[in-house]
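Structure, as structure tokens:
The values are calculated or read from the model by the stated rules, or taken from the named source; none is laboratory data. Since we're looking at a predicted model, the values are computed, not measured. As a convention, Cβ positions derive from the backbone with ideal geometry for all residues, glycine included, and neighbour counts pool all protein chains shown. Remember, those area values only see protein heavy atoms, side chains included, never the ligands or the DNA or RNA. Shrake-Rupley method; radii C 1.70, N 1.55, O 1.52, S 1.80 Å.
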Amino acid sequence: MDWAGWFSLALVFASLATLILTRLQPHLVMMAALTLLSASGVLTAEEALSGFSNSGLITVAAMFVVAAGIHASGGIDLLVKHLLGRPGSVRAAMLRVFTPVVALSGYLNNTPVVATMIPAINAWAKRIDIAPSKLMIPLSYAAILGGTLTLIGSSTNLVVNGQYQALTGRESFSLFSIAAVGLPAALAGTLFMLLFFPRWLPDRREKKPFGNLREFTLEVAVARGGPLVGQTVEEAGLRGLRRVYLAEIERNGNAITPVRSEEVLRGGDRLVFAGDTQAISDLLRMRGIVPSEEDAGETLATERGERRLVEVVVSPRCDAIGSSIRDAQFRSRYGAVVLAVARNGERVAGNLSSIRLQGGDTLLLETRPAFVSRQRFNRDFLLVNELEEESPRHEKGYIAWGIMIAIVLAAASGLTSMLNAALLGAGAMLASGCCSVNQAQKSLDLTVILTIAASFALGVALQKTGVAAVLAEGAISLSGGRPWLMLVVVYLCVSLLTEMVTNNAAAIIMVPIVLQITGNAGLNPEPFMFAVMMAASASFATPLGYQTNLMVYGPGGYRFSDYLRVGIPMNLLVGLVSIAVLLSGWDLV
């Protein structure tokens, strides 16, 4: 190797050491590596930036928008209510995640599956009071395992199959040919996660040493003719809510308190809750729940999906102080509906509209998008803080899932590529109103996109300078001509390369080398190709090896070391199972 090869190899190990030993974000480390490779002349500008035009990266970006459409339309809430339910433990929650994710990932590229499920799992974890960090890595790993069940489950499988056809002239592998290896590996991996991950994964929830310092009083209404009418409090899912509880029901001017679980809800019932801001935000996403003023006919004259949740603190100079919310005509004065009130960190007793405002009261408002910029410096409010969530368009939920299913069918049937299907799906989400342009823009996780794009530069450098070929051929030569040992070494080489670069890059580098070696040795290439597929796909030990690992890095609040702790044992387990199945099920010669 020349100096460029040694420089590229040193940069790979320096990047890995930095990610393991420091808390620097992956996108910063990868961008720094890209900069050094380009500035030193190892890569041309086009080669260094090739990752930014990669179809896989654009597919990921488009699927973020598709996922935003499902989330904003309330489609996520349909999934959570009908599929995930309310498990009693972390282990039970993980099992409920695995079932749909593994099944979907077998027929749909696992990247959009994870992109769609991240907001669902995040909201669901908060609702059932489980740290998202306990579920995000299992979500990614389940998608990876599901992707090994079919030829179309992972882009890596398609890359290996395409190279195999082009270089050997043989027919394509069948859709389920990889399942003979992938299914035992998926079952073993799932069982392993259920047994050990609840203890091994960290709890990265924000710790508040003095508990919740602000409890709101929230009043909402049961929508007339909505899905909650005729259901009991228990059936509607209003009894077991975390961090928020149903204090009373107001019906025809009479207060029902305490509220029994068997109480049947009626259209127009006013429900008085107490809880914190995030819990209230989750509550307002429920289908059939509307602001009480809206039920009374006082609307903001704007589409619900274009409204915002905003926190404000009432100034001592506010003109509305001393007046009740109704008498102050808060809606017409400020263009906002008061959803909740907190005072001195405690809920305020009584009917929401009759509460008399005081200086320092914290209000939760539903308002138009322009409210924040218009009122930020208003003397009536000391603080204006826009919450991230927008009101879901529940009537669009089934449309969003219809678009998602169309993407799956179009890509799986070969009607169009995954890239085109994702781009068309993202456009359909915007055109149908399932999500707004603002929501689509917010959904694009720039750190994930930068990390994926920049990581391609390391793979290109290793391939261009010949480092990857030297390492792979040297390792394979250690087998001494023994077929079973050659299979083991091939698996280990691909697995190590995948953790250093990316799964597709590792497959592209190794397939030609493996085919040449099996041809020279007179060996059956099929089990070796399946070994490359499994080793390149089953990448668990670092967030760099597989893009779904990168996608859950931020939402789970993980550190690089978290992947090493749980991923290395997973790599070993899946590797042992895969090699054992290949050695027992195929003739290598």
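Overview of results
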quantity: Selection within the range 230-264 - touching a Gly at 6+ places or on another chain (Cβ under 7 Å) and under 20 Å from Gly85 (Cα atoms); calculated: Arg243, Val244, Tyr245
quantity: Residue within the range 118-140 that is in contact (Cβ under 8 Å) with a residue 40 or more places away in the chain, open to solvent by less than 30 Å² (accessible area, probe 1.4 Å), over 18 Å from Gly554 (Cβ atoms) and assigned to a helix (DSSP H, G or I) present; calculated: no
quantity: Residue within the range 513-522 that is in contact with a Leu (Cβ under 7 Å, 6 or more places away or on another chain), in contact (Cβ under 8 Å) with a residue 12 or more places away in the chain and open to solvent by less than 20 Å² (accessible area, probe 1.4 Å) present; calculated: no
quantity: For Ala45: the one exception among (1) among the small types (Gly, Ala, Ser); (2) open to solvent by less than 20 Å² (accessible area, probe 1.4 Å); (3) farther than 29 Å from Ile178 by Cβ; (4) over 14 Å from the mean Cα position of the chain (by Cα); calculated: (2)
quantity: Answer residue from the range 48-60, given it is open to solvent by less than 20 Å² (accessible area, probe 1.4 Å) and not β-branched (Val, Ile, Thr) and is modelled with the highest pLDDT among those; calculated: Ala48
quantity: Subset of the range 258-277 (residues that are over 15 Å from Gly288 (Cβ atoms) and either assigned to a loop (DSSP other than H, G, I, E, B) or touching a His at 6+ places or on another chain (Cβ under 6 Å) (or both)); calculated: Pro258, Val259, Arg260, Ser261, Glu262, Glu263, Asp276
quantity: When residues of the range 431-464 are limited to those that are over 20 Å from the mean Cα position of the chain (by Cα) and open to solvent by 50 Å² or more (accessible area, probe 1.4 Å), the one farthest from Phe7 (Cα to Cα); calculated: Ala431
quantity: Test: residue in the range 211-221 that is modelled with pLDDT of 80 or more, among the charged types (D, E, K, R) and open to solvent by less than 80 Å² (accessible area, probe 1.4 Å); calculated: no
quantity: Test: residue in the range 525-543 that is within 25 Å of the chain's Cα centre (by Cα), surrounded by fewer than 24 Cβ atoms within 10 Å (Cβ to Cβ) and more than 27 Å from Arg170 (Cβ to Cβ); calculated: yes
quantity: Odd one out for Leu167 among (1) part of a loop (DSSP other than H, G, I, E, B); (2) open to solvent by 10 Å² or more (accessible area, probe 1.4 Å); calculated: (1)
quantity: Selected residue (criterion: most open to solvent (accessible area, probe 1.4 Å)) from residues of the range 544-589 that are part of a helix (DSSP H, G or I), among the small types (Gly, Ala, Ser) and under 13 Å from Leu201 (Cα atoms); calculated: Ser561
quantity: Options Val29, Val65; residue that is open to solvent by 10 Å² or more (accessible area, probe 1.4 Å), within 30 Å of Gly427 (Cβ to Cβ) and aliphatic (A, V, I, L, M); calculated: Val65
quantity: Total residues in the range 503-512, condition small (Gly, Ala, Ser) and open to solvent by less than 10 Å² (accessible area, probe 1.4 Å); calculated: 2
quantity: Test for Thr518: is it over 26 Å from the mean Cα position of the chain (by Cα), of a type in the set (Val, Ile, Thr) and under 22 Å from Gln463 (Cα atoms); calculated: yes
quantity: Near pairs, Cβ below 9 angstrom, 6+ apart or cross-chain, from the range 44-69 (free of Cβ contacts under 8 Å to residues at least 12 places away in the same chain and among the hydroxyl-bearing types (Ser, Thr, Tyr)) to any residue that is open to solvent by 20 Å² or more (accessible area, probe 1.4 Å) and assigned to a helix (DSSP H, G or I); calculated: Thr44/Ser38
quantity: Gly545 being on the phi > 0 side of the Ramachandran plot and touching a Ser or Thr at 6+ places or on another chain (Cβ under 9 Å); calculated: no
quantity: Filter result (open to solvent by 20 Å² or more (accessible area, probe 1.4 Å) and touching a helix residue (DSSP H, G or I) at 6+ places or on another chain (Cβ under 8 Å)) within the range 354-374; calculated: Arg368, Pro369
quantity: Scan of the range 20-31 for residues that are in a helix (DSSP H, G or I) and either within 25 Å of the chain's Cα centre (by Cα) or at pLDDT 85 or above (or both), ordered by number; calculated: Ile20, Pro26, His27, Leu28, Val29, Met30, Met31
quantity: Ala103 being more than 23 Å from Ile403 (Cα to Cα) and of a type outside the set (Lys, Arg); calculated: no
quantity: Test: residue in the range 465-477 that is at pLDDT 85 or above and buried (at least 20 other Cβ atoms within 10 Å of the Cβ); calculated: yes
quantity: Condition met for Ser561 (closer than 18 Å to Leu16 by Cα, out of contact with any Asp or Glu (no Cβ under 6 Å at 6 or more places or on another chain) and modelled with pLDDT of 80 or more); calculated: yes
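Listed here are the residues, each with its yes/no results for (1) touching a residue at least 24 places away in the same chain (Cβ under 8 Å); (2) surrounded by fewer than 24 Cβ atoms within 10 Å (Cβ to Cβ); (3) part of a helix (DSSP H, G or I).
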position: Ala4; (1), (2), (3): yes, yes, yes
position: Val12; (1), (2), (3): yes, yes, yes
position: Ser15; (1), (2), (3): yes, yes, yes
position: Thr18; (1), (2), (3): no, yes, yes
position: Ala33; (1), (2), (3): yes, yes, yes
position: Ser105; (1), (2), (3): yes, no, yes
position: Thr111; (1), (2), (3): yes, no, yes
